[in-house]
Amino acid sequence: MENQEEFLKRADAHIFLANEQINEEVTSGEVSASFMYGMTRFNAWIAACEFESAEDMSNEKEKVIEYFSSQYKNMLEEHINNHIEHFDFKK
């Protein structure tokens, strides 16, 4: 099993980089879109590395998409619930 601390450190490093990119010219929404685009490119590459051929990947395409989509949905739901439970943002 992976070390949870190392897992969180890697995630925090990505979040830190995203936060650094937000400024007067670049909105959080724009950074989020770039972050998500990069994540999907990386995950598509990770998935491609698991197959022997394009045909094999094509045959499993829907399973790959379902896997990453469900993982994203579960993680997003967890973090949205956390923000709801601890909502303390000032506008």
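Each value in this text was obtained by applying a stated rule to the coordinates, not by laboratory testing. Computed from a predicted model, the values in this text were never measured in an experiment. Cβ: placed from backbone, ideal geometry, glycine included. Neighbour counts: every protein chain shown.
Restricting to DSSP H runs of at least four residues, report the calculated mean residue ellipticity at 222 nm for the chain, -39500 (n - 2.57) per run over all residues, nearest 500 deg cm²/dmol. Numbers along the way, then the final one.
Numbers: 3 runs with 71 residues, N = 91.
Estimated from H runs of four or more residues: -27500 deg cm²/dmol.
What length, rounded to one decimal in nm, is gained on full extension from Glu60 through to Asn74, with 0.36 nm per residue of separation minus their alpha-carbon distance?
Numbers: separation 14, 0.36 × 14 = 5.04 nm, distance 2.13 nm.
Gain on extension, Glu60 to Asn74, equals 2.9 nm.
Say the dipole of the chain comes from +1 at the beta carbon of Lys and Arg and -1 at that of Asp and Glu; which of Gln21, Ala44, Tyr72 then lies farthest toward its positive end?
Gln21
So which aspartates and glutamates pass the test for Lys61, namely a Cα distance under 16 Å, with those fewer than 8 places away in the same chain ruled out?
Glu50, Glu52
Springs between alpha-carbon atoms under 10 Å, Gaussian network over the chain: tell me which of Ile65, Ile22, Ile80 tops the mean-square fluctuations.
Among Ile65, Ile22, Ile80, the largest mean-square fluctuation in the Gaussian network model of the chain belongs to Ile80.
Can you pull the one-decimal nm distance between simple spin-label points at Glu6 and Asn19, each 7 Å off the Cα toward Cβ?
2.4
Mind sorting out which of (i) 29.9, 79; (ii) 16.4, 51; (iii) 12.3, 37 is the real Rg and Dmax of the Cα atoms in Å computed from the coordinates?
Derived directly from the coordinates: (ii).
Which of Phe51, Phe35, Phe16 moves most in a GNM of the chain, Cα contacts under 10 Å?
Comparing Phe51, Phe35, Phe16 in the GNM, the peak value goes to Phe16.
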